[in-house]
Amino acid sequence: RKILSPIIDRNESAQMADNIMEEFNRIKRESSYWKSLFVFASSRSNETSNAGSSGSEFTEALKKAFGETLTDQGTMAEWVSKTKRYTVGHHPVERFSPSDIANEKLAR
């Protein structure tokens, strides 16, 4: 288990996601259990979550985008794109492994 340090900027957030994917790919080579991974980090450490009773702005954006993408029978990548568009004050970053899972349709 790794303890991750706070993320200071978008580059560090992206680097953290890259590091998770690198470790995942190493584990995947050694085990038949793990097939895919989706990492979606919501924000920088210096960004306030602006959370309310129903969740943060990122959580609300994530839920709204999921519902719309599901209704449209869209893909994981479309869900991520909408979430980023609806997220105010945060800088989400995503990674897919393998990358083609981005093209998979959302399912309930």
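The values are calculated or read from the model by the stated rules, or taken from the named source; none is laboratory data. The shown structure was predicted, so the numbers you read here are calculated from the model rather than taken from an experiment. Don't worry about glycine lacking a Cβ; one is built from the backbone with ideal geometry, like all the others, and counts go over all protein chains shown. Calculation scope for accessible area: heavy atoms of the full protein, side chains included, ligands and nucleic acids excluded. Shrake-Rupley method; radii C 1.70, N 1.55, O 1.52, S 1.80 Å.
Please state which of the following conditions Q73 fails to meet, knowing it meets all the rest: (1) over 17 Å from the mean Cα position of the chain (by Cα); (2) at pLDDT 80 or above; (3) part of a helix (DSSP H, G or I). Result: Q73 fails condition (3) only. When N11, N46, N19 are checked against the criterion of being closer than 27 Å to A65 by Cβ, in a helix (DSSP H, G or I), at pLDDT below 70 and not small (G, A, S), a single residue qualifies: N11.
If you go through region 76-108 and keep only what is open to solvent by less than 60 Å² (accessible area, probe 1.4 Å), of a type in the set (S, T, N, Q) and assigned to a helix (DSSP H, G or I), you end up with S81, T83.
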